[in-house]
There are 2 protein chains.
Amino acid sequence: MTENYTLHEDPRSGNCYKIKLTAALLGIALETRQYDIIQGETRRPEFLANVNANGRIPVLQIEDDSGSRFLPESNAACWYLASGSPLIPQDRFAQANMLRWMFFEQYNHEPNVATLRFWLRFVGEANLSEQQRAQILAKRMAGQDALALMDGELVHRGFMAGDTPTLADIALFPYTHVAEEGGFGLDNYPHIQGWIERVAALPGFVPMT
Amino acid sequence: MTENYTLHEDPRSGNCYKIKLTAALLGIALETRQYDIIQGETRRPEFLANVNANGRIPVLQIEDDSGSRFLPESNAACWYLASGSPLIPQDRFAQANMLRWMFFEQYNHEPNVATLRFWLRFVGEANLSEQQRAQILAKRMAGQDALALMDGELVHRGFMAGDTPTLADIALFPYTHVAEEGGFGLDNYPHIQGWIERVAALPGFVPMT
């Protein structure tokens, strides 16, 4: 059955880029529909009712003859698109270990590395609330811990979950390769730097816009 | 090949309970080794070197004739144990949609619903830092949003990702069913209440200690 895909996205979001990168590496065509999250366009009633009740992008819309289904959560959308492809290892441990890095990304990496980038680059330090400002130091330290853990892992292997690229790399690449926009220098993480070059050299790679 | 499993855990952690619940529902034997996270036992050098460089529990240790492998991240460990079982749907969309709720759990639910329980029940409000105290209101609101989203989903189906239990239920049950310990009343979420009863009635179910 032929399926068509529409990505509901904000092009500035690394979470949206994950899905575009997965599709590009696999040669899958993807339509996009754009929203401005800073203007609150994903919190409007029609978005909440029709696309995602959680008020967040990205959402992957999957359309076939029987209608449309909507899949929120960037890493779940990548999983759907990459199902059956070499980007998901079939070996039982390797597959679980790939998911381990994807859960790590959502829990330890994104809320620190991506949030500081969003606050400092897109919201602007002067516009942060007192409460946000009070969290900068903790997020800085937790983000550095996350990057150090990645760097330590990449001492042993070429990609996050083995010798070949998987969704673990696609999940971690977007916010890591622009970590400097959130004030995270990558000078201390030489293995991350080599890994960024390897990901960017993959056939079909597209850059974040 | 026979495998033996050891769960490195703190029994107070809902993330550890997820893995014990998965094993119990599937009839898998699990040894446990306990650590006190409040005493920093998972930040000691031997733990960091041998079990998890991220200094966190749970970690699932998988032992066979060729040695031991260590799998951090609760949801990845559940995935490993449940591989090939009915707790993971085989349908492509259903499987991705189950993962969607597992990523939601780590990003939207655990950092709010579980963290407030940890702070209020185990650390104690009087012992919180100024910075933690400043986050209580935001975590309260985000946690309520997460619970409301679950409740809205459970209007339509018996379990989080369909009509039968999956890892999405196992991931979300632990911190939801003790949400009141973090000050989240469940009175406004009648569908969550019914779902808690259905999960607790599953054959093989074990309670959180």
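Read the figures in this text as sums done on the coordinates, not as results from a lab. All values reported here derive from a predicted model rather than from experimental measurement. Cβ atoms come from the backbone with ideal geometry, glycine included; neighbour counts cover every protein chain shown.
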When the dipole is taken about the Cα centre of region B:4-82, and only Lys, Arg (+1) and Asp, Glu (-1) are charged at their Cβ, what size is it in debye, to the nearest 20? 280 debye
Restricted to chain A, the DSSP antiparallel beta bridge percent, nearest 5, is 75 percent
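Tell me the Kirkwood radius of chain A: reciprocal of the mean inverse pair distance over distinct alpha-carbon atoms, in Å.
17.8 Å
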What three numbers, in Å, describe the spread of the alpha carbons of the protein assembly as shown along their principal axes, ordered from the longest? 50, 49, 46
Just report the Cα centroid separation between region A:94-116 and region B:1-46, whole Å. 20 Å
Cα centre as origin, Lys/Arg/Asp/Glu Cβ charges: region A:1-139 dipole, Debye: 500 debye
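Let me check I've understood the local charge: for B:PHE103, count other residues with C-beta under 13 angstrom from its C-beta, Lys and Arg +1, Asp and Glu -1. What total comes out? Walk me through the numbers before you get to the answer.
Details: positive: A:LYS18, A:ARG56, A:ARG100, B:ARG100; negative: A:GLU73, A:GLU105, A:GLU110, B:GLU73, B:GLU105, B:GLU110.
Computed value for this residue: -2.
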How far is A:HIS156 from the same spot in each other copy, in nm, shortest first, if each label point sits 7 Å from Cα toward Cβ? 4.1
Could you tell me, in Å, what Rg and Dmax come out for the Cα atoms of region A:1-98? 14.1, 44
Restricting to Cα pairs under 8 Å and 6 or more apart, the percent relative contact order of chain B works out to 24 percent
If we sort A:188-198, B:114-124 on the protection proxy, mean other Cβ atoms within 10 Å, highest first, what's the order? B:114-124, A:188-198
With r as the distance between the Cβ atoms of A:ASP65 and A:THR32 and R0 = 22 Å, compute the FRET efficiency 1/(1 + (r/R0)^6) and round to 0.05. 0.50
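Taking 0.36 nm per residue of separation and subtracting the Cα-Cα distance, what length does fully extending B:ASN50 through B:PHE122 add?
Roughly 23.2 nm would be gained on extension.
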Taking the label point 7 Å from Cα in the Cβ direction, how far apart in nm is A:MET141 from each other copy of itself, listed shortest first? 2.6
Using the Cα centre as the reference, give the magnitude of the dipole from point charges on the C-beta atoms of region B:92-200 (Lys, Arg: +1; Asp, Glu: -1; all else neutral), rounded to the nearest 20 debye. 220 debye
Reachable lysines from B:LYS20, Cα under 28 Å, same-chain residues fewer than 8 places away excluded? B:LYS139
How big, in percent, is the set of alpha carbon pairs in region B:92-200 lying more than 22 Å apart? 30 percent
From the label point of B:PHE122, set 7 Å from Cα along Cα→Cβ, how far away are the matching label points in the other copies, in nm, ordered shortest to longest? 3.2
I need the calculated FRET efficiency for the pair A:ALA94 and A:HIS191, taking r as the beta carbon distance and R₀ as 22 Å, to the nearest 0.05. 0.65
